[in-house]
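As C-alpha cells, the structure follows; a few thoughts come after it.
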Amino acid sequence: MFFDADIKGLDLPTKTLVLTYDDGPGPQTAELGRYLYGEGIAATFFVIGRHAEEWPESLAQLARHGHTIGNHTYSHPGLVSVAEAGEDVVSELARTDAIIRDFANKRPVCFRAPYGNWRQINPSKNADHTQSIVAQRLNHSGQFYDYIGPVNWDISAEDFAFWRRGAAAAEAAEAYRREIDAVGRGIVLLHDSSDDPTIARRNRTLELTMLLVPALKRQGYRFVPIHELPQVRRICGTRSREKKHVGARDAH
C-alpha cells in the first residue's frame with residue numbers, strides 16, 4: 001500500500017536512528033553490510049534494480065546479515081514525471097521486485113522514491129499537492145499489496161556531494177554528526193553507490209559509516225530497524241488485525 005504522505009521518523013524516541021542506504025548495491029555494499037552487522041545494526045538498503053543485477057551476491061549477503069532490502073525502482077527516474085507522461089510507473093517497481101523478492105524477507109517491503117519525488121507541485125500554493133499521482137497509479141495496479149511507502153528521510157548531509165568533489169570521509173562524517181545532533185532522531189539517508197560514475201567511483205560511504213557509527217554510539221545514540229518506525233508498526237498492526245478479521249469471517 002502506498003500513501004500520499006511520506007513515512008518519516010520524527011516519532012522515534014530521542015537519540016534513536018534508522019540507517020538507510022540508497023542507490024546500491026555497489027562494490028563496497030557487502031563489506032558495509034558486514035561492518036554494520038558486526039556493530040549490531042540492521043540497516044535498510046534501498047536498491048536500484050539495474051545495480052542489483054550487477055551485484056546479485058550483495059543482496060544475499062545483506063539478507064544473511066539481517067539487513068532490510070527495499071525497492072528504489074529499476075532505473076532511478078523521477079516518478080512524478082513518468083506518471084505525468086503516461087509512462088509505466090508500475091514496471092519500475094515490478095522489475096526490481098522480481099530481482100529482490102527472494103532476499104526481501106521482511107514484510108511489508110519498504111519502498112523509497114528516487115529523489116523523494118512523489119507528489120506534483122501545486123504552483124498556486126508553491127507546495128506539493130496533498131495527493132500523489134504516483135501512489136494512485138501503483139495502488140491501482142494491485143501488484144504491491146505487501147509494500148509500504150514512500151519511506152522518506154529526516155536527516156541527510158548529502159554524502160554524494162562530498163564524493164563528487166573528492167572530499168575526505170572524515171569531513172562528511174562530521175557534517176552528518178552535526179546534522180544528526182541538530183535533528184536528534186529519525187531516518188538517516190546515505191548512499192552506497194550512485195548513478196553518476198564519478199560519484200560512484202569516489203564513494204567513501206563505508207569509511208564514513210565506520211567513522212560515524214562509533215562516534216554516535218559514544219554520544220548515546222541507538223540504531224533500530226526500519227520496521228520499528230512508529231508509522232510502519234501502526235500499519236503492520238492494522239494489516240494484522242485485518243487478516244485476522246478476514247480469516248475469522250472466512251471460517252464461518
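Using 7 Å Cα-to-Cβ label points, what is the Glu171/Arg218 separation (nm, one decimal)?
2.2 nm
Specify which labelled value, from [x] 18.1, 55; [y] 19.4, 62; [z] 18.1, 65, agrees with Rg and Dmax of the Cα atoms in Å derived from the coordinates of the model shown.
The value matching this structure is [z].
What length, rounded to one decimal in nm, is gained on full extension from Glu31 through to Leu10, with 0.36 nm per residue of separation minus their alpha-carbon distance?
Taking 0.36 nm per residue and subtracting the Cα distance, the gain is 4.6 nm.
If each of Ala98 and Asp196 carries a label point 7 Å out from its Cα toward its Cβ, how far apart are those two points in nm?
3.1 nm
Can you give the angle from 0 to 90° between the axis of helix 169-183 and the longest principal axis of the chain, with both taken from C-alpha atoms, to the nearest 10?
The helix 169-183 is inclined about 50 degrees to the chain.
Suppose the chain between Glu207 and Ser124 were pulled fully straight at 0.36 nm per residue; how much longer would it get relative to their current alpha carbon spacing?
25.5 nm
May I ask you to order 229-235, 141-147, 19-25 by the average number of other C-beta atoms within 10 Å around their residues, highest value first?
Put in order of decreasing packing, that is 19-25, 229-235, 141-147.
Sort Trp153, Trp118, Trp163 by Cβ crowding within 10 Å, fewest neighbours at the top.
Trp153, Trp163, Trp118
Would you be so kind as to identify which of Ile235, Ile69, Ser194 lies farthest towards the positive end of the dipole of the chain, taking Lys and Arg as +1 and Asp and Glu as -1 on Cβ and the Cα centre as origin?
Checked the options; the winner is Ile235.
Out of all DSSP beta bridges with both ends in the chain, state the antiparallel percent to the nearest 5.
So the antiparallel bridges in the chain amount to around 10 percent.
Please report His65, His140, His51 as a ranked list, fewest other C-beta atoms within 10 angstrom at the top and most at the bottom.
With the sparsest Cβ surroundings first, the list reads His140, His65, His51.
Only the coordinates and a few stated rules stand behind these numbers; no lab work does. The model shown is predicted, which means the values in this text are computed figures rather than measured ones. Don't worry about glycine lacking a Cβ; one is built from the backbone with ideal geometry, like all the others, and counts go over all protein chains shown.
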